[in-house]
Amino acid sequence: MEVIILPTAKQVACYGADVCESLIKTKPAAVLGLATGSTPLALYKELIKYYQQQHISFSQITTFNLDEYVGVSASHSQSYHYYMKTQLFDFIDIDPGNTHIPHGDAVDVQQEAIRYEQLIHEKGGIDLQLLGIGRNGHIGFNEPTSSLNSITRVKALTNATKADNQRFFGLGEYQPTHAITMGIKTIMQARQVLLLATGTNKAQAVKAMIEGPVCAMCPASCLQLHQYATIVLDQQAASELIMQDYYQFAKQACDTLFTQSGEGCTKSYG
Ligand code: PGA
């Protein structure tokens, strides 16, 4: 696990965007796993900028989103279909046919989850999976106690998650109770994972993910078992970590090596 602590949320977004940019430059037909929520918004803005400055093209890129609410149509302003369209897809040269998000309004949502999981495999798997983390340690909508071996399926949302998302739905409006989400195994099969977290409200979950035991009560802790997981934090999200000094030292040592050897550093320490 690589832990990067940066002074500000803006730098976290830029770091994440740079990781995406490098992948797209080296593999123009990469498969990206995308996340929604407030955390990746700034990263998507950076990617749009890189596209507009002609640093990267998404014309051959395929994307798979982590999740979608059950019972919410693609045109609903709180659907993750709508989010992706309005926050990223409408502003880049991606082929809409290459963007995939589970259909939360499918007649048979269980079958939709199976189809989605199969499609990820048919497209060769995910090269880089972007993640946020919930205050309860969830990744995607894999709530605490999710099987660490789960694949894409329908999950019931916890009260904590529903409360966190309540602000997005109008008073009296239907608020989803379930979601179709990639499973933890699905996420773990991505060849590279990049989790971003910012703000003090994530500090406890971040501590449990990085320095706690691997356990289903903190689904994000499964990333301790991933061979190529990078966690990028601002100082607030990192504030509860007891080994902050070590992470900073390891990063500096790595950057020095990188400068001296001219080789990429992200894989050089675990
Ligand atoms: P947030 O959500 O980015 O809106 O904080 C992250 C998550 O719940 O995974």
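Here, each number is a calculation from the coordinates, and none is a lab measurement. Computed from a predicted structure; not experimentally measured. Ideal geometry is used to build each Cβ from the backbone, glycine not excepted, and the neighbour counts take in all protein chains shown.
With neighbours defined as other Cβ atoms within 10 Å of a residue's Cβ, the residues I92, I4 order from fewest to most as I92, I4.
With 18 Å as the limit on Cα-Cα distance, the pairs of K10/K207; K25/K49; K45/K185 that go past it are K10/K207; K45/K185. Mean residue ellipticity at 222 nm, helices only, the chain: -10500 deg cm²/dmol; runs of at least 4 DSSP H residues each add -39,500 (n - 2.57), and the sum is divided by the number of residues. In terms of surrounding Cβ atoms within a 10 Å radius of their Cβ, M243, M84, M1 rank from fewest to most as M243, M1, M84.
Working note: Debye formula, equal point scatterers on the alpha-carbon atoms of the stretch 65-183, no solvent; log10 I(q)/I(0) at q = 0.15, 0.16, 0.21 Å⁻¹ is -0.69, -0.79, -1.38.
Above 35 Å, the calculated P(r) of the stretch 2-267 contains 11 percent of its Cα-Cα pairs. Across every direction, the projection of the convex hull enclosing the Cα atoms of the stretch 1-42 has a mean area of 3.7 nm².
What is the packing order of peptides 207-214, 95-102, taking the mean over residues of other C-beta atoms within 10 Å and listing the highest first?
Details: 207-214: 18.1, 95-102: 16.5.
The most tightly packed comes first, giving 207-214, 95-102.
How high is the relative contact order of the stretch 2-267, in percent, with contacts defined as C-alpha pairs under 8 Å that are six or more residues apart? Result for the stretch 2-267 is 23 percent.
Tell me, how many Å apart are the Cα centres for the stretch 146-216 and for the stretch 33-68? Rounded to whole Å, the Cα centres lie 20 Å apart. A protection proxy built from the mean count of other Cβ atoms within 10 Å ranks the segments 105-118, 33-46, most packed first, as 33-46, 105-118. In order along the stretch 106-116, phi translates into HN-Hα couplings of 4, 5, 10, 6, 5, 5, 4, 5, 5, 4, 5 Hz, rounded to whole numbers, per the Karplus curve 6.51 cos²θ - 1.76 cosθ + 1.60 with θ = phi - 60° and x for Gly and Pro.
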